[in-house]
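Working notes for the structure below.
Any read-out appearing in this document is the output of simple, stated calculations on the displayed coordinates, not a laboratory observation. A quick note: this is a predicted structure, and the numbers were derived from the prediction, not measured. Quick reminder, even Gly has a Cβ in these numbers, built from the backbone with ideal geometry, and neighbours come from all protein chains shown.
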Amino acid sequence: MSAMRPVPPLPSEIADIVIPQDDTAASTWRWAHRALPDYLLTHSVRAYCWGAVIGAGEGLTFDRQVLWTASLMHDVGLTRIPKNTTQRSARRRVAWLSSLSAATTPTAP
């Protein structure tokens, strides 16, 4: 977890993409640095950048503050899931699907 690292100032832009500079954006930035591991923080910032670039490229009107906040917070639930949960769940699902397949697949003559 990244709770101990210092929080850098809110950037005004990333790769020429404007970052909102209001209190909500700054609070979300500080929260994300405290709550998210590095890989998830960088993923979330990239989500904002992609959303902003695609939205602008498509000529869409969007609220940068909402996009910034949603992008930084969208995967917060992943920080509460034990690392092996998704693998264990996936293995159970594959086993279940395999059992269904074995039960319903006709045998070759």
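The table that follows gives values for the structure above.
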| read-out | value |
| --- | --- |
| Segment residue 53-residue 78, length gained on full extension (0.36 nm per residue, minus Cα span) | 6.5 nm |
| Rounded to whole Hz, the Karplus (6.51, -1.76, 1.60) HN-Hα couplings of region 26-36, x for glycine and proline | 5, 5, 5, 4, 5, 4, 4, 5, 7, 9, 9 |
| Cβ-placed point charges (K, R +1; D, E -1), dipole of region 26-81 about Cα centre in debye, nearest 20 | 200 |
| Relative exposure of 27, 12, judged by other C-beta atoms within 10 Å (fewest first) | 12, 27 |
| Cβ-based exposure ranking for 23, 75, in which fewest neighbours within 10 Å come first | 23, 75 |
| Amide H contacts under 5 Å for residue 17, placed H, 5+ residues apart | none |
| For q = 0.16 Å⁻¹, Debye-computed log10 I/I(0) when each Cα of region 1-58 counts as one equal scatterer | -0.51 |
